[in-house]
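Have a look at the structure below, then the notes.
The values are calculated or read from the model by the stated rules, or taken from the named source; none is laboratory data. Not measured: the values here are computed from a predicted model. Cβ sites come from the backbone with ideal geometry, for glycine too, and all protein chains shown count toward neighbours. To get the accessible areas, we keep the full protein, side chains included, count just its heavy atoms, and leave off ligands, DNA and RNA. Shrake-Rupley method; radii C 1.70, N 1.55, O 1.52, S 1.80 Å.
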Amino acid sequence: MAILDVRDLNKSFGGLQAVKDVGFRVTAGSIKALIGPNGAGKTTLFNLISGVLSPDSGTILFGEMPVQGMKPHQIAEKGIARTFQHIRLFPKMTAIENIMIGRHTHSRAGFISGMLSLPGTWKEESRIRNRSREIMEFLGISSLAESESTSLAYGQQRIVELGRALACEPKLLLLDEPAAGLNMKETAEMADLITKVRDLGITVLLVEHDMSLVMNISDEVIVLSYGEKIADDVPLAIQKNAEVIRVYLGEADA
Amino acid sequence: MTRNRHLQVFLLIAVIIATQLATMLTDTQHYLTQLTMSGYYALVIIGLCLLIGYAGQISLGHAGFFAIGGYTSAFLTTYDLSPVRDKAFIVLLSRMGLLVSTEDLYGGQVLHLHPWAAFLIAIICTIIIAYAVGGPVLKLKGHYLAMATLGFGTIVYKVVLGTEGLGAADGISDVPGFTLLPGSEVSGKLSQRITNYYIAWGLVIFGMVLLLNLVHSRVGRALRSIHGAEDAANAMGINTGRYKLNMFVISAVFAAIGGVFLTHYNGGIGPSEASIMKSVRYVAIVAVGGMANLWGALVMGSVLNFLSLRGYFGSYDDAVFGVILIIIMLFTPEGLLRRDLFSDIREVFGTGKDRGERA
């Protein structure tokens, strides 16, 4: 069953068509990777799915529901969480506070009950904190809880950002270059974490340049070039696809 | 953390009582007048502190909201309704007990709205205007937001200055006292001086408790996240537009409450309360206090306003606040009252190379 069904998506910026008639499906419970040369439209596609941009035409069905053109916060509420290519943690907040923000859509306290500090808000706060601790434990970063997020090592920041997205308890997780800036050991750890997340039943769609990561963990791979989809298949077939080798993987790497 | 917060509030209460006792013992009770007024200005400042420091949205128009509160209340409690006393609506208001009848200087009967009703209307007006202005304006960021709120402040100033019915350049005077409970009214009467000091600072305590609670709540966390990385906050499901707007309105209401009470306390209000320099002053004080530091804003707000009201800055009053703002922005954009102040001073007098980055 497809949890995400993208059909005939188009988006252009002025004269540049960044995404051209792109359509694909993501099977529930799988890991799907989106690869392609720089400027192929991967991040644009991510921004369209997460609501940062709205498409010129086409539909995005999440579950059975069309979500194209919705605002980012509405899409997050529907169950799509994301990370960013350039880490966007909240500065001056501890790692656990960052993850607690991820619980936003699963909690309610508003301005009035917050100002009056009603007893209901205390219970909710401790639920938010406990759930965030569980997530940090799951990712193996409990010891970082009280450190200021932006003072952490780069690789740790990536994991905190992953934790923040997981705290949303998404059905679909969008990871924008989760291994960017990580060394080989960290990349391998990230790959393990992503598979662990998939094993929780969360569908993962990721953009990534690190081919070892992509080919090792993905169930399916889509290749974009100049805004168009040129391949959509299992990793082994992608590695053998002549067109993909020509535009992206390169003869020597293949 | 919660216990720490309670301790701070108790400390505030102790300082407020100690200050009053000190003025009694040293026979400087006349200071209470300026201390009371500083309390009302402090209300504006703590609300603005939350907007600027936590939600990260600047406003150079909060004197406008202060004036909207003050002027609405002043107008409604001084406008004589006796010529239209037979109109059905006025009779209805009278039946509901919302009107008070007093004698004017010449012994004539004057009929006007009860201060409580005027207060409620002033707050409702503020909320409506704040939503109407904040809605479009808060879509802007940084300098553009500053300019737009400055524009709003200018409009309010020019309107109160140019409207005959609001006393034009003279403002509105002879505003009656605001009886909160029998025997205690907000007014400048000498017999009520100590009562008024405690009314003002009681409101400040109440406001601080509300805002401190908010800072440490789910909403406070969301506001800080908007300040830090708005796009990421949005992606986490936070309706950032609505949060910014609500915070803007709450800070406007704090300013308006300060305006209403100070107007009754002073017995009047003039256009200078709506002037741009007032707005700049509020922002300067929030900046000195340490932006995201409610206690810093409260301390600096009380001290600087008190000094200003006592006339220590002489005719350079506005210039002093302008200079303060410039110095803070240049040397310590995160404010004066914060923990790592001393390392920063060393940095400024040392190499001071990455100063710009912190801004």
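A few points about this structure:
- The percentage of C-alpha pairs in the range B:49-131 whose separation is greater than 22 Å is 41%.
- With all protein chains modelled, accessible area of A:Ser218 [1.4 Å, Å²]: 10 Å²
- For the range A:92-163, the Kirkwood estimate of the hydrodynamic radius, built from every pair of different alpha carbons, is 12.8 Å.
- Sites matching trypsin sites (Lys or Arg not before Pro) across the range B:138-200 that sit in DSSP coil, with at most 16 neighbouring C-beta atoms within 10 Å: B:Lys139, B:Lys141, B:Lys189
- Think of chain A as having a plus end and a minus end, set by charges on the Cβ of Lys, Arg, Asp and Glu; of A:Ala81, A:Leu182, A:His104, A:His104 sits farthest toward the positive end of this dipole.
- Gained length - A:Trp122 relative to A:Asn183, 0.36 nm times residue gap less alpha-carbon distance: 17.9 nm
- Sparsely packed loop sites in the range B:1-94 (the trypsin sites (Lys or Arg not before Pro) outside DSSP H, G, I, E and B with at most 15 other Cβ atoms within 10 Å) comprise B:Arg85, B:Lys87.
- These residues, A:Glu189, B:Glu273, go from largest to smallest accessible area, 1.4 Å probe, as A:Glu189, B:Glu273.
- The range A:92-163 - charge dipole about Cα centre, Lys and Arg +1 at Cβ, Asp and Glu -1, debye rounded to 20: 220 debye
- Centre-to-centre, using Cα atoms only, the range B:1-35 and the range B:256-274 are separated by 23 Å.
- Here the 3J(HN,Hα) profile of the range B:294-301, calculated from phi with Karplus coefficients 6.51, -1.76 and 1.60 at θ = phi - 60°, is 4, 5, x, 4, 5, 5, 5, x Hz, Gly and Pro shown as x.
- Measuring only protein heavy atoms, the 1.4 Å probe finds B:Asp174 accessible over about 130 Å².
- A simple spin-label model places pseudo-atoms 7 Å from Cα toward Cβ; at A:Phe138 and B:Ala14 they are separated by 4.5 nm.
- Candidates A:Ile112, A:Ile194, A:Ile238: whichever shows maximal mean-square fluctuation once chain A is modelled as a Gaussian network with Cα springs under 10 Å: A:Ile112
- Length-normalised contact order for chain A - Cα pairs under 8 Å, 6+ apart - percent: 27 percent
- Rounded to the nearest 100, the interface formed by chains B and A buries 2700 square angstrom of accessible surface, both chains summed, with a 1.4 Å probe.
- Computed over the range A:122-243, Kirkwood Rh from alpha-carbon pairs, angstrom: 15.9 Å
- Other-chain or far-sequence residues with amide H under 5 Å of B:Gly290's (modelled H): B:Leu336, B:Leu337
- Annotation for B:Arg242 and B:Lys139: the two label points, set 7 Å from Cα along the Cα-Cβ direction, are 1.8 nm apart.
- Counted residue by residue at 0.36 nm each, then reduced by the alpha carbon distance between them, the extension gain from B:Asp231 to B:Lys158 reaches 22.6 nm.
- Global form of the protein assembly as shown, assessed from the alpha-carbon gyration tensor, a/c cut-off 1.5: prolate
- Two-decimal ratio, chain A, of alpha-carbon radius of gyration to 2.2 N^0.38 Å: 1.04
- Using a simple spin-label model with pseudo-atoms 7 Å out from Cα toward Cβ, B:Leu98 and A:Tyr226 lie 7.0 nm apart.
- Nearest-20 debye value, the protein assembly as shown charge dipole, Cβ charges on Lys, Arg, Asp, Glu: 820 debye
- Projecting the Cα atoms of A:Met115, A:Val160, A:Ser149 onto the charge dipole of the range A:92-163, computed from C-beta unit charges around the Cα centre, puts A:Met115 farthest toward the positive end.
- Estimated at the nearest 10 Å², the accessible area of A:Trp122 is 150 Å² with a 1.4 Å probe.
- In order along the range A:149-166, the Karplus-derived 3J(HN,Hα) couplings, from 6.51 cos²θ - 1.76 cosθ + 1.60 at θ = phi - 60°, round to 4, 7, 8, 6, 5, 3, x, 5, 4, 4, 6, 4, 5, 4, x, 4, 5, 5 Hz, and Gly and Pro are given as x.
- Length-normalised contact order for chain B - Cα pairs under 8 Å, 6+ apart - percent: 30 percent
- Between B:Ile13, B:Thr72, B:Tyr157, the Cα set farthest toward the positive side of the dipole of the protein assembly as shown (charges on each charged residue's Cβ, about the Cα centre) is that of B:Ile13.
- Portion, in percent, of the accessible area of the protein assembly as shown that falls on carbon or sulfur, probe 1.4 Å: 60 percent
- Per residue, the protein assembly as shown exposes an accessible area of 45 Å² to a 1.4 Å probe, with every protein chain left in place.
- Legend: residues B:Tyr198, A:Tyr226, A:Tyr248, sorted from most to least accessible area (1.4 Å probe; ligands, DNA and RNA excluded), read A:Tyr226, B:Tyr198, A:Tyr248.
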